[in-house]
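One structure is given here, and the rest of the page talks about it.
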Amino acid sequence: MAKNTKNIDALIIGAGPCGLFQVFELGLLGIHSVLIDSLPNIGGQCSELYPDKPIYDIPGIPVCSGQELVDNLMEQIKPFNPDIFIGEEVISVKKTGDTYLVKTSLDQTFNTKTIFIAGGVGSFQPKKIKLKDIEKFDGQWLHYKVNDKSDFLNKDIIILGGGDSALDWAIEFSSNTELLGSKGSVTLIHRRNEWRGAIASVNKVKELENNQKIKIIENAILRGYEVNAKKLKNITLSIDGNEEIINGNQLIVFFGLSPKLGPIAEWGLEISKKSIDVNTETYETNLSGIFAIGDIANYPGKKKLILSGFHESALAAFAAKAIIEPGKKVHLQYTTTSPKLQQRLGISTK
């Protein structure tokens, strides 16, 4: 074992909503967590892909943005003070007796009793445009996500894609007069005439088109682009075999994600269609002490919802407690009445 190996009870891979809530559930049971994520920021897909997108199906919260949900979860886990490492990937996991030796891309090693894989769809990257030299404009006028909406004020925005993200942002920009400003415009381009997003969103963009607030182009393939002083001037489309020039100065691309399990695929886990098979009584994988929750977990009837991941993390925490402290009976307690849980949460019981 490496000299600087840290002995821990629980290692969580993935700092999205489910990984963050796993910290909370373990903390309630008195288990300290180490949290690792390959992305440079906390929040997983919520923060990377739709920080401003409204979420309506979190119990007890009528509506919140993806980033607000992450911020609230971070506030909720503060009493448990987890060790958090971002921009770091777990590259190997090896069984050593009753524990696992874990190595990371930044040469850290952990000897842990339990592992929780909460990596969403795994390590993911947006599908990118394949045109000559276009990658050098990434982050300038070419975007694969929206970090700050105000950056697009008064811009002529071209959005490529036919799924929910493309539709949502097309609606957001074209229906928000303050955001679009007096000089801005929105063009939504899809390579087919059948949309992959929600029917309500498709109907909404059609309504916006009828009201002349957005231009929609279907059956179009991107063939080229023209820049002037490194700024986007226009793009070239092929529409039913004919070329058409579309003017614009900001290009936002939503072609979807390429999910990759990465090193996880080599750990000996049972995997079905890039998801990890689990036992729904404990959310443990075929390897004792390794659990999977959230979108990456697979079982009959699985629904890829954040609220499902929260449920999975609770059951996984109780199962892990039995591994970390074998032979010790774990009693179900409630935060409303348990002095022990309230003490762990930093709540005064006087």
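Overview of results
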item	result
All positions within the stretch 310-332 that are touching a residue at least 60 places away in the same chain (Cβ under 8 Å) and either in contact with a Pro (Cβ under 7 Å, 6 or more places away or on another chain) or over 21 Å from GLU270 (Cα atoms) (or both)	PHE310, ALA314, PHE318, LYS321, ILE324, VAL330
Selected residue [part of a helix (DSSP H, G or I), over 12 Å from the mean Cα position of the chain (by Cα), without any contact (Cβ under 8 Å) to a residue 60 or more places away in the chain and surrounded by fewer than 15 Cβ atoms within 10 Å (Cβ to Cβ)] from GLU68, GLU75	GLU75
Verdict on ASN210 being at pLDDT 90 or above, surrounded by fewer than 18 Cβ atoms within 10 Å (Cβ to Cβ) and either closer than 17 Å to ASN249 by Cα or over 23 Å from the mean Cα position of the chain (by Cα) (or both)	yes
Given (1) hydrophobic (A, V, I, L, M, F, W, C); (2) more than 18 Å from SER165 (Cα to Cα); (3) touching a residue at least 24 places away in the same chain (Cβ under 8 Å), number of the condition LEU208 does not satisfy	(2)
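Rundown of residues vs (1) part of a strand (DSSP E or B); (2) β-branched (Val, Ile, Thr); (3) outside the structural domain of GLU48 (by TED's automatic domain parsing); (4) out of contact with any Gly (no Cβ under 8 Å at 6 or more places or on another chain), yes/no style:
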residue: SER150; (1), (2), (3), (4): no, no, yes, yes
residue: LEU179; (1), (2), (3), (4): no, no, yes, yes
residue: LYS183; (1), (2), (3), (4): no, no, yes, yes
residue: VAL186; (1), (2), (3), (4): yes, yes, yes, yes
residue: GLY197; (1), (2), (3), (4): no, no, yes, no
residue: ASN203; (1), (2), (3), (4): no, no, yes, yes
residue: LEU208; (1), (2), (3), (4): no, no, yes, yes
residue: ASN234; (1), (2), (3), (4): yes, no, yes, no
residue: LEU237; (1), (2), (3), (4): yes, no, yes, yes
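Yes/no per residue for (1) buried (at least 21 other Cβ atoms within 10 Å of the Cβ); (2) under 30 Å from ILE134 (Cβ atoms); (3) aliphatic (A, V, I, L, M); (4) not assigned by TED's automatic domain parsing to the domain that holds ALA15:
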site	(1), (2), (3), (4)
LYS231	no, yes, no, yes
THR282	no, no, no, no
PHE291	yes, no, no, no
SER308	no, no, no, no
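The values are calculated or read from the model by the stated rules, or taken from the named source; none is laboratory data. Remember, it's a predicted structure, so these values are computed and weren't measured experimentally. Every residue, glycine among them, receives a Cβ derived from its backbone with ideal geometry; neighbour counts consider all protein chains shown.
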